[in-house]
């Protein structure tokens, strides 16, 4: 597989896109560059998301929300949006996916775990698609 770049975008880049990026990074090797950003980034990662990912052995404590830049979309092969509406610019030749996933903001840890597990399953499917192992 040639090197691919995947960009996960949500509104605040404090929950869903951070979870997805962390899982994809953990599930792939150096052949995948993983980016995440938000159309209106929060000041910090949702603490409940940090706790839920820590249960999976993934440390998001030092992660910082980032603003969605047009350049990140341009350099990405796959752009996955999660509730950011029309904020993501569209460029020809990119694969765009829209994952409808609840926002973990203001959710309990139990609800955040369900969101985390949904995202994990979707990322596993994405990895299978990217590597051609989607049987």
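Observations on the model:
- The ranking of 39, 17 by Cβ neighbour count inside 10 Å, starting from the fewest, reads 39, 17.
- Note on segment 4-128: along the principal axes its Cα atoms extend 39, 29, 25 Å, ordered by decreasing extent.
- The calculated FRET efficiency for residue 121 paired with residue 33, based on their beta-carbon distance and R0 = 35 Å, is about 0.95.
- Mean residue ellipticity, 222 nm, helices only, the chain: the sum of -39500 (n - 2.57) across DSSP H runs of n ≥ 4, divided by residue count and rounded to 500, is -11500 deg cm²/dmol.
Each value in this text was obtained by applying a stated rule to the coordinates, not by laboratory testing. If you're wondering where the values come from, they're calculated on a predicted model, not measured in any experiment. Neighbour counts are summed over all protein chains in view; Cβ atoms, including those assigned to glycine, are modelled from backbone coordinates with ideal geometry.
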